[in-house]
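Reading through the structure tokens given below for one structure.
The values are calculated or read from the model by the stated rules, or taken from the named source; none is laboratory data. Here the structure is a predicted model, which is why all the values come from computation and not from measurement. Note that we place each Cβ from the backbone using ideal geometry, even for glycine, and neighbour counts take in every protein chain shown. What goes into the accessible areas is simple: the full protein's heavy atoms, side chains included, and nothing from ligands, DNA or RNA. Shrake-Rupley method; radii C 1.70, N 1.55, O 1.52, S 1.80 Å.
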Amino acid sequence: GASMIAICCTAASAAGLTVGFSQIGSESGWRAAETSVTKQEAEKRGITLKFADAQQKQENQIKAIRGFIAQGVNAILVAPVVATGWEQVLGEAKDAKIPVILLDRGIDASKDLYLTSVASDQVKEGSVAGDWLVKTVGDKPCRVVELQGTVGSTPAINRKKGFEEAIAGHKNISIARSQTGDFTRSKGKEVMEGFLKAENGGKNICAMYAHNDDMAVGAIQAIKDAGLKPGKDILVVSIDAVPDIFQAMAAGEANATVELTPNMAGPAFDALDAYLKSGKQPEKFIITQSKLYTPADDPKGEYERRKGLGY
Ligand code: GYE
């Protein structure tokens, strides 16, 4: 009722707000960019951002959220490292009447535990990657190796699902091996080394699908170390569109990436501002766009353009 609106809307506009941000870590170039863009977006709006890096551990995220609640922040942003285990701590934020906004990953919990979630359609990202491979290989047999993201994270689950849906109708394309590289370059390289050894030095591998560009960049190094040409002997398709994948594309070492904007915080802060000012309930899921890039899309220009975007 009106009194509720009155209570919720006494808060000033975004300026003067204090927002806690529980960030997963900096496992990838994309996440480092998300962090710098979030800080820029807060600065632009006069928001005081309290930043906590969890070094990839959910228990550190939960601790950080409890700290934000104790400090009485106006709102909490969280990029949830995995999909499960959030009910308790988000229930505490709800009891404290502190709105929570999810960034770039989802959770398996009741939607009334968060104001909104700003993320890409990760199933679509996987199917855009799969569709590209289907179009590229035609009916040629193609054994694929897959580098999965962090086990139990929504991007890893959904990007696998989307890719498998896209190749399902094409019996000539199959995923021969699949393992997590935890979204990092070093793990991506290490897991790819294992795939190459297991697949006749890589001669049996037609394509590598990585759930993010950082693992793909690590895998590209492993392919070169094995004496093969990434982008030619083994096709390389991944997701994020970070500058370094465009550098690889320009060198003919990568073939396709699906863009993921690092600016999740802009839409998040806008939704928060409208909610605090006028009690406006945002869409539960604010979906960012996914666009395919290949070497036909001026990779050198894309590299330069993105270098300035906080990467
Ligand atoms: O693709 C990857 C990061 O959660 C969608 O997390 C995000 C993913 C992104 O490690 O680079």
Complete set of residues in the stretch 137-163 that are more than 16 Å from the ligand (Cβ to nearest atom) and touching a Ser or Thr at 6+ places or on another chain (Cβ under 9 Å): P141, C142, R143, V144, V145
Enumerated strands (runs of 3 or more DSSP E) restricted to the stretch 200-311, each holding at least 2 residues that are open to solvent by less than 20 Å² (accessible area, probe 1.4 Å) and in contact with a strand residue (DSSP E or B) (Cβ under 9 Å, 6 or more places away or on another chain): 207-210, 235-240, 256-259
Whichever residue in the stretch 124-154 is part of a helix (DSSP H, G or I) and among the basic types (K, R) and, among such residues, is surrounded by the fewest Cβ atoms within 10 Å (Cβ to Cβ): K135
Selection count, the stretch 78-118, where residues are among the hydrophobic types (A, V, I, L, M, F, W, C), within 16 Å of the ligand (Cβ to nearest atom) and open to solvent by 10 Å² or more (accessible area, probe 1.4 Å): 2
Residue in the stretch 266-285 that is farther than 30 Å from K44 by Cβ and of a type outside the set (S, T, Y) present: no
Residue list for the stretch 26-59, restricted to those being in a helix (DSSP H, G or I), in contact (Cβ under 8 Å) with a residue 12 or more places away in the chain, out of contact with any Phe, Trp or Tyr (no Cβ under 9 Å at 6 or more places or on another chain) and open to solvent by 20 Å² or more (accessible area, probe 1.4 Å): Q40
Hits in the stretch 173-199 - residues which are in a strand (DSSP E or B) and of a type outside the set (D, E, K, R): I173, S174, I175, A176, S178, Q179, T180
